[in-house]
There are 2 protein chains.
Amino acid sequence: MDRIPILKLGRALLVSIQVDIHDRLAKALEEDLSERIVATGARGVMIDISGLEIVDSFMGRMLDNIAAVSRLLDADTVVVGMRPAVAITLVELGLSLTGVKTALNVERGMTLIGSGQYEEIEGDDAPGGGDERDEG
Amino acid sequence: MDRIPILKLGRALLVSIQVDIHDRLAKALEEDLSERIVATGARGVMIDISGLEIVDSFMGRMLDNIAAVSRLLDADTVVVGMRPAVAITLVELGLSLTGVKTALNVERGMTLIGSGQYEEIEGDDAPGGGDERDEG
């Protein structure tokens, strides 16, 4: 897989991570996400990791990076669906994901992002438009 | 990967398929989905295939199966994010996915499912950060 799909949901973007992420894929995801934030004017990025049983320090750093870039682009980052064992591992690794909000599930993540109002979706209207299919 | 994550979004369930699906995974997904439909009372199932560059006849049949089971459980199935090349391949394979609705993206899928009104489910408040757990 070259690319992880990014879905637009109201004013948020949703990424569901289901596979091990390696260097190139992480870089592609960071780039795609930042472009999509700008292109869609998204206010938040939700990263669903409910499919992951293990999160290593590489993944932890990727989440931190995404959060840092998103913040510069005026979007919050919310990690959703973390399994208890993953939370324990992250703390043991000394990665407590400061700067990343967490929520139990996508719906709570949407609330955190303040995107409850689903219809409010804007059309795309910004520079840097995406290369892939227009999701919104 | 043993399981594909199923996300609840309003009255819909969302599954993002990013990897090749083989027998056991397909069976697990069908079972998980039908259980979640019943457990959550979901009115629709969205299957995002924007991450797939190829859909073979096995995948086509799986989508048909999911749609058939969901219909029996009173939920619509909407396939979202299909790439043009995938649509062409499916037709060439003689799999035109009758019984499956399609939508360009998740937002349009939500509209099809009639789940536009996102707030309807939120019993949640908490605009501040914080980890919350309690599966929805």
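Results for (1) within 9 Å of another protein chain (Cβ to nearest Cβ); (2) within 16 Å of residue B:4 (Cα to Cα), shown as yes or no for each residue.
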| residue | (1), (2) |
| --- | --- |
| A:8 | yes, no |
| A:27 | no, no |
| A:30 | no, no |
| A:49 | yes, yes |
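On the stretch given as the range A:9-45, residues that are free of Cβ contacts under 8 Å to residues at least 40 places away in the same chain, surrounded by 23 or more Cβ atoms within 10 Å (Cβ to Cβ) and over 23 Å from residue B:17 (Cβ atoms) total 1. All conditions but one from (1) in a loop (DSSP other than H, G, I, E, B); (2) under 13 Å from the mean Cα position of the chain (by Cα) apply to residue B:3; the one that does not is (2).
Take the range A:77-92 and flag every residue that is closer than 23 Å to residue A:13 by Cα and of a type in the set (D, E, K, R). Walk me through it before giving the result.
To start, the set of residues in the range A:77-92 that are closer than 23 Å to residue A:13 by Cα comprises A:77-83, A:86-87.
The one that is closer than 23 Å to residue A:13 by Cα and of a type in the set (D, E, K, R): A:83.
So which residues in the range A:90-103 are touching a helix residue (DSSP H, G or I) at 6+ places or on another chain (Cβ under 9 Å) and either β-branched (Val, Ile, Thr) or buried (at least 16 other Cβ atoms within 10 Å of the Cβ) (or both), if there are any at all? Talk me through it step by step, then tell me what you get.
Of all residues in the range A:90-103, those touching a helix residue (DSSP H, G or I) at 6+ places or on another chain (Cβ under 9 Å) come to A:90, A:93-103.
Within the range A:90-103, A:90, A:95, A:97, A:98, A:100, A:101, A:102, A:103 qualify.
Within the range A:58-88, restricting attention to residues that are polar (S, T, N, Q) and buried (at least 19 other Cβ atoms within 10 Å of the Cβ), the residue that is nearest to the chain's Cα centre (by Cα) is A:77.
So is residue A:50 touching a Pro at 6+ places or on another chain (Cβ under 8 Å) and either hydroxyl-bearing (Ser, Thr, Tyr) or free of Cβ contacts under 8 Å to residues at least 24 places away in the same chain (or both) or not? Reasoning before the result, please.
On the way: touching a Pro at 6+ places or on another chain (Cβ under 8 Å): yes; either hydroxyl-bearing (Ser, Thr, Tyr) or free of Cβ contacts under 8 Å to residues at least 24 places away in the same chain (or both): yes.
When the stated conditions are applied, residue A:50 passes them.
No lab work stands behind these numbers, since they all come straight from the coordinates. Note that this is a predicted model, so its numbers are computed, not measured. A quick note on method: Cβ atoms are made from the backbone with ideal geometry, for glycine too, and the neighbour counts reach across all protein chains shown.
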